[in-house]
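Notes to accompany the following structure.
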Amino acid sequence: FFQQWYSNSMKVICMWLADRLDLQLHIYQLKTLIKIVKKTYRDFRLQGVLEGTLNSKTYDTVHSRLTVEEATVSVTDAGGLQGITMKDSDE
């Protein structure tokens with residue numbers, strides 16, 4: 001059940017980002033998505049969802065897009081993310 005829930009959640013985020021592929025995300029959209037994706041990943045990992053499901057191609061796509069958006073904001077808007085980053089605190 002949790003694996004399907006996680007997969008569907010990531011698919012929805014990925015489709016939303018794909019619809020806005022040619023648009024840069026607003027700073028508040030980016031901050032919110034980073035928090036949602038990181039929290040979802042951690043919570044479902046704690047629920048025992050397998051690494052293969054957690055690190056799916058969909059998650060990799062979402063992670064890559066948010067990382068690129070984060071890098072763009074850090075170059076164009078100093079201090080815009082206020083410490084919110086896709087980099088995991090474990091790294």
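The values are calculated or read from the model by the stated rules, or taken from the named source; none is laboratory data. Small disclaimer: the values here were computed from a predicted structure and weren't measured. Here the Cβ is made from the backbone with ideal geometry for all residues, glycine too, and neighbour counts use every protein chain on show. Heads up: the accessible areas ignore ligands, DNA and RNA and are worked out on the full protein's heavy atoms, side chains in. Shrake-Rupley method; radii C 1.70, N 1.55, O 1.52, S 1.80 Å.
Things to note:
- Close pairs (8 angstrom Cβ cut-off, 6 or more residues apart or separate chains): on the phi > 0 side of the Ramachandran plot in region 45-62, surrounded by 12 or more Cβ atoms within 10 Å (Cβ to Cβ) anywhere: G48/F2
- Qualifying residues in region 1-52 (those that are surrounded by 11 or more Cβ atoms within 10 Å (Cβ to Cβ) and of a type in the set (G, A, S)) - the one nearest to the chain's Cα centre (by Cα): S9
- Matching residues, region 53-76, being of a type in the set (D, E) and open to solvent by 70 Å² or more (accessible area, probe 1.4 Å): D60
- Region 17-33 residues that are touching a residue at least 40 places away in the same chain (Cβ under 8 Å), paired with ones that are among the small types (G, A, S) (beta carbon under 8 Å, 6 or more apart): I27/G80
- Taking the chain and the helices (runs of 4 or more DSSP H) fully enclosed by it, the elements with 2 or more residues that are of a type in the set (V, I, T) and at pLDDT below 90 are at 57-76.
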